[in-house]
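Engineer: Sharing a structure, written as structure tokens. Questions coming.
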Amino acid sequence: MNTQSKVQGSDLQNEEKDYNYKQLDKVIHSRIRFAALCYLDSVDQASFVEIRDGISATDGNLSVHMRKLEAAGYVYCDKTYSKRVPLSTYRITDTGRSAFTEYRSKLGDFFSLPFSTVHDKNL
């Protein structure tokens, strides 16, 4: 395959791809909310402190973002007390898991080649 046909093939791929940012879930598309969902996706459930420490967020920032995820129905928060100290435990809901799976798929569609393919070529 010559360079000219590679370029034309690449142009054809770009015409068929949809790069519309509106297809990305705006609730998830925030660094802290994305990181929190990634963290929760890797565990069954986690406390506020575990999430905060795991994603290196501040208390104030994380609480605002977790409320947004909760309002969207993406996470469930069980608030209890342990030795008179509030304990918030979070887990992803079925709705949240579906939205996160869809988000990851849509985000992947923005790339022309899988990251591993591009990364391997650059080594």
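The values are calculated or read from the model by the stated rules, or taken from the named source; none is laboratory data. Note that this is a predicted model, so its numbers are computed, not measured. Glycine also receives a Cβ, built like all others from the backbone with ideal geometry; neighbour counts cover every protein chain displayed.
Engineer: Can you pull out the residues in region 39-70 that are in a helix (DSSP H, G or I), touching a helix residue (DSSP H, G or I) at 6+ places or on another chain (Cβ under 8 Å), under 19 Å from T95 (Cβ atoms) and not aromatic (F, W, Y)?
Structural biologist: L40, D41, I51, H65, M66, K68, L69, listed by residue number.
Engineer: Need pairs with beta-carbon distance below 6 Å; first residue in a loop (DSSP other than H, G, I, E, B) and within region 17-28, second among the aliphatic types (A, V, I, L, M) and surrounded by 13 or more Cβ atoms within 10 Å (Cβ to Cβ); sequence gap 6+ or separate chains.
Structural biologist: Qualifying pairs under 6 Å: D25/A99; V27/A72.
Engineer: Here is a follow-up. Collect the residues in region 37-58 that are buried (at least 18 other Cβ atoms within 10 Å of the Cβ), in contact (Cβ under 8 Å) with a residue 40 or more places away in the chain and within 15 Å of the chain's Cα centre (by Cα), keeping them in residue-number order.
Structural biologist: L37, L40
Engineer: Any residue in region 85-105 that is surrounded by 12 or more Cβ atoms within 10 Å (Cβ to Cβ) sitting within a Cβ distance under 9 Å of a residue that is basic (K, R) and not in a helix (DSSP H, G or I)? List the pairs, counting only those 6 or more apart or interchain.
Structural biologist: These pairs meet every condition: L87/K79; S88/K79; T89/K79.
Engineer: To continue, here is another question. Mind checking which residues of region 41-63 are under 19 Å from T80 (Cα atoms) and either modelled with pLDDT of 95 or more or among the hydroxyl-bearing types (S, T, Y) (or both)?
Structural biologist: Within region 41-63, Q45, A46, S47, F48, V49, E50, I51, R52, D59, L62, S63 meet the criteria.
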